[in-house]
Number of protein chains: 2
Amino acid sequence: VIGRWPSAHPDAPTVLVYGHFDVQPSGAEEDWTSAPFEPDVRDGRIYARGATDDKGNMLAPIRAARALEAAGGLPVNLVLLFEGEEEIGSPSLPALLEQHREQLRVDVVLSADGVMLSDTAPTVMLSFKGLISLELRVRTAAVELHSGLHAGFAPNAALALSQLLASMVAPDGSVLVDRFDAGATALDDNDRAQAAALPFEVDAYRAATGVTTIWGEPGYTPRERNWFRPTLDVNGIWGGFQGEGTKTVVPAIATAKITCRIAPGQSPESVIASLRAHIERHSPAGAASELVVVGGVSGASAIRADDPTIDVVREALRDAYGVEPTDVRTGASLPVASMLMDALGLPTVMLGWCLPDERMHAPDEFLRLENFDRGPRVYADVLTRLAAVRP
Amino acid sequence: VIGRWPSAHPDAPTVLVYGHFDVQPSGAEEDWTSAPFEPDVRDGRIYARGATDDKGNMLAPIRAARALEAAGGLPVNLVLLFEGEEEIGSPSLPALLEQHREQLRVDVVLSADGVMLSDTAPTVMLSFKGLISLELRVRTAAVELHSGLHAGFAPNAALALSQLLASMVAPDGSVLVDRFDAGATALDDNDRAQAAALPFEVDAYRAATGVTTIWGEPGYTPRERNWFRPTLDVNGIWGGFQGEGTKTVVPAIATAKITCRIAPGQSPESVIASLRAHIERHSPAGAASELVVVGGVSGASAIRADDPTIDVVREALRDAYGVEPTDVRTGASLPVASMLMDALGLPTVMLGWCLPDERMHAPDEFLRLENFDRGPRVYADVLTRLAAVRP
């Protein structure tokens, strides 16, 4: 959906704000305290699938524009670009951007699909990971086999998949795939300082997530791993019998969903090639293993710390919170940023209030009402300042 | 169901024949060539769930008794004991055997739930494995976590489960759990000769199953592994996202179904204890791992090679096939045999025609029509000979 909201002022700059109204699957409804698609306000939070990612945050620029309109008119020409395919990698967006190239001549690109890393200290996002969506499929026989007749000598697909995954990631969290991190820039002192500037409160993290042990690649802090290092994440696994009770079978097929979050500087194609080479070498005897790309593939993206729009966002956040914003990065991916850069030639500046504890993609996703109200005020301030900076 | 069919002759011995009419789940109907619960005859085979395990074979003693009755009367008193819970471990059978103890005073116990290892050379079954049904449950967090925000430092349940399973079984198929084989008798020359006597035709096995590589514990032939060595079989695995497309989550929970086939001489309890000790030592950092017994637990059972009923069965099979029967064992389990021994004090002699390629527990299960007709003839012969042996 492309919406255009012209400024009251001639020669005002044009600002595009991106958001998305599609959401991740809700998962099992019984895992939710209230129904996932009926918003429920409890304890200063609104609970619903999409509350924070991204429906709630997508409303901020709309409400800001309404307020500015009521106060005399928009200081900038606003273009709202809202899509319904973000969670599946925005497959239609590149063609749509190409098709509407004339309508999308803008001076600044903001995104309301943004993360704020702390509730009290505002953060400004400088880089995103790339994303590769894969399935690892293992087959050991033509049909499931009865374990009484075949156990001991027929290979087992569920076990072979487990062994293959275990060969890819060590118990300490190091990825064991040769050249998996090829191209990733070595961290310099500035990167390390940036990661250290944002406190990582282990006790609070444990309380919020139920995680007992922080884990991962040796030689890096948790945040450094998440921001700067490529990761290999098993999103799901299945094979053989999964029902109640017992079924004495040797599974013939087992599958894992895998996503890799790759670092700035890395080529998605070379990461995929490194995984394929590993699987060819380590697939257990008797297992035919295949790695299939099942979703969008995007590289990482980074924005310059001295970008003028970044400066405007920093000022607006400083005024809203009374605290100097912190430059941060993320382990999440923004394929949309690569697409917008390709089509419009502009970097995407993030401005949204999805907080790390707000259970995006999980049951009981929520948005703080406080941010639901702060978002439109900050957007109005940013749009006003941009009119001054970019006449 | 207990059915009684008295002999025409006073003082005839009483023979109990066991069978079961319950079946394994059919699995996805689209994996079947014809509907699983509508028997379909094709190419001299009858296809249906339960065709060979055990409905088709269960009919053999009934049809034998009908033929004997028509020919002048049964030579033995026949007790038919057919149950509907075999595939879930016969939970009600022990109490039922106890309750009907007086009705079940018999001289011989046969079972129509029997396997024949070859289509041309008849086999006589001397031992069964024990069975332990387990779930291995791994938890790493309270909720699924977004992989962009948590990857690199939050432990992953699907990966932790994979690592734990890979720690339990080596790529070559050796079980790595300390004391997993405690109590299993070392193989002697007789055992090795018995296993070698039955040819294991690798090419035919590959063609029938789609298995490309025979696998397993070094130092044993495939058949020795299956008959004499305890095995650890992953029957199924699941955790995290299993749908279409991509969901960028770090799973919080993952589960594996495991059955262990234990050897004569082993204690199920000590095998479970060895697994628990292994899991405690090898559960990856950040993973809470629990092993739960979810089904029946039974020890292995063996019958003496010189049992008189075994001799009668050997003679009847020799006459039916024109070939000397081979003594064999199996990697499958017969909890029912333990229960019948406990309640009736008699060993169970197997007489059934479930062949290894007949896809029991899998899609397109079938029974050869040739054996559907041979079964009643051999049963009639066995019952007649038993009347002579046990007056």
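Here is how the numbers come out for the structure above:
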item	result
Computed lengthening from B:D119 to B:L346, 0.36 nm per intervening residue step minus Cα-Cα distance	78.9 nm
Expected 222 nm ellipticity per residue - DSSP helices of 4 or more, -39500 (n - 2.57), all of chain B, to 500	-9500 deg cm²/dmol
Under Karplus coefficients 6.51, -1.76 and 1.60, residue-wise ³J(HN,Hα) of the range B:204-216 in Hz, glycine/proline x	5, 5, 4, 5, 6, 10, x, 5, 9, 10, 6, 9, x
Globularity index of the range A:341-391, i.e. its alpha-carbon radius of gyration over 2.2 N^0.38 Å	1.52
Per residue accessible area in Å² of the range A:232-296, where ligands, DNA and RNA are left out and the probe is 1.4 Å	33
Buried solvent-accessible surface, both chains (B, A), 1.4 Å probe, Å² to nearest 100	6800
Gyration tensor (alpha-carbon) shape descriptor, the range A:209-281, a/c threshold 1.5	oblate
Whole-number percent relative contact order across the range B:170-249, with pairs defined as alpha carbons under 8 Å at least 6 apart	39
Residue-normalised accessible area of the range B:1-140, expressed per residue, 1.4 Å probe, Å²	42
FRET efficiency, 1/(1 + (r/R0)^6) with R0 25 Å, evaluated for A:S174 and A:V292 via beta carbons	0.50
Extension gain from B:D22 to B:A67, taking 0.36 nm per residue of separation minus the Cα-Cα distance	13.7 nm
C-alpha center-to-center spacing [the range B:342-363, the range B:292-311] in angstrom	11
Net charge over other residues, Cβ less than 14 angstrom from the Cβ of B:G44 (K, R count +1; D, E count -1)	-3
Residue-span extension gain [A:D203 to A:V323] - 0.36 nm each, minus C-alpha spacing	40.8 nm
Anisotropy class of the range B:121-245 from Cα gyration tensor, a/c 1.5 cut	prolate
Relative compactness, the range A:202-332, computed as alpha-carbon Rg over 2.2 N^0.38 Å	1.49
FRET E, pair A:D191, A:F37, Förster distance 30 Å, beta-carbon r, rounded to 0.05	0.15
Interface residues in the range B:169-190 - accessible area drops by 20 Å² or more relative to the isolated chain, probe 1.4 Å	B:V169, B:P171
Cα-based shape type of the range A:291-391, given that a ≥ b ≥ c are square roots of the gyration tensor eigenvalues and the cut on a/c is 1.5	oblate
In order through the range A:339-349: 3J(HN,Hα) via Karplus (6.51 cos²θ - 1.76 cosθ + 1.60), integer Hz, x for Gly, Pro	5, 5, 4, 4, 7, 10, x, 10, x, 9, 9
Using alpha-carbon coordinates, inclination of helix A:268-282 to the longest axis of chain A, degrees	10
Delta accessible area of at least 30 Å² on complex formation, residues of the range A:221-238, 1.4 Å probe, chain isolated as reference	A:N226, A:D233, A:V234, A:N235, A:I237, A:W238
Lysines with Cα under 26 Å of A:K129, excluding same-chain neighbours fewer than 8 positions away	A:K55, A:K257, B:K247
Per-pair calculated FRET efficiency, R0 = 41 Å: A:A277 and B:E280 via Cβ, rounded to 0.05	0.70
Separation of alpha-carbon centers, the range A:243-263 and the range A:209-240, rounded to whole Å	19
Percent carbon-and-sulfur accessible area, the range B:12-113, ignoring ligands, DNA and RNA, probe 1.4 Å	50
Accessible-area order (highest first, 1.4 angstrom probe) of the listed residues A:E69, B:E83, B:E201	B:E201, A:E69, B:E83
For the range A:152-157, 3J(HN,Hα) per residue [Karplus equation, 6.51 cos²θ - 1.76 cosθ + 1.60, θ = phi - 60°, Hz, x = Gly/Pro]	x, 9, 8, x, 10, 5
Shielding by partners, peptide B:250-262 (average Cβ within 10 angstrom, other chains)	5
Relative contact order (percent, whole number), chain A, Cα cutoff 8 Å, 6+ residue spacing	32
Stokes-Einstein D for the range A:12-69, Kirkwood Rh over Cα pairs, 4 °C, 1.567 mPa s (µm²/s)	98
Mean separation of Cα contacts under 8 Å (6+ apart) over length of the range B:113-237, as relative contact order %	23
Chain B: antiparallel DSSP beta bridges as a percent of all, rounded to 5	70
Other-copy label distances relative to B:F37, 7 angstrom Cα-Cβ extension, nm	3.1
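The values are calculated or read from the model by the stated rules, or taken from the named source; none is laboratory data. Fair warning: this is a prediction, and the values are worked out from it, not measured in the lab. We place every Cβ from the backbone using ideal geometry, glycine too, and count neighbours over all the protein chains shown. The protein model used for the area step is the full one, side chains on, heavy atoms only, and it has no ligands, DNA or RNA in it. Shrake-Rupley method; radii C 1.70, N 1.55, O 1.52, S 1.80 Å.
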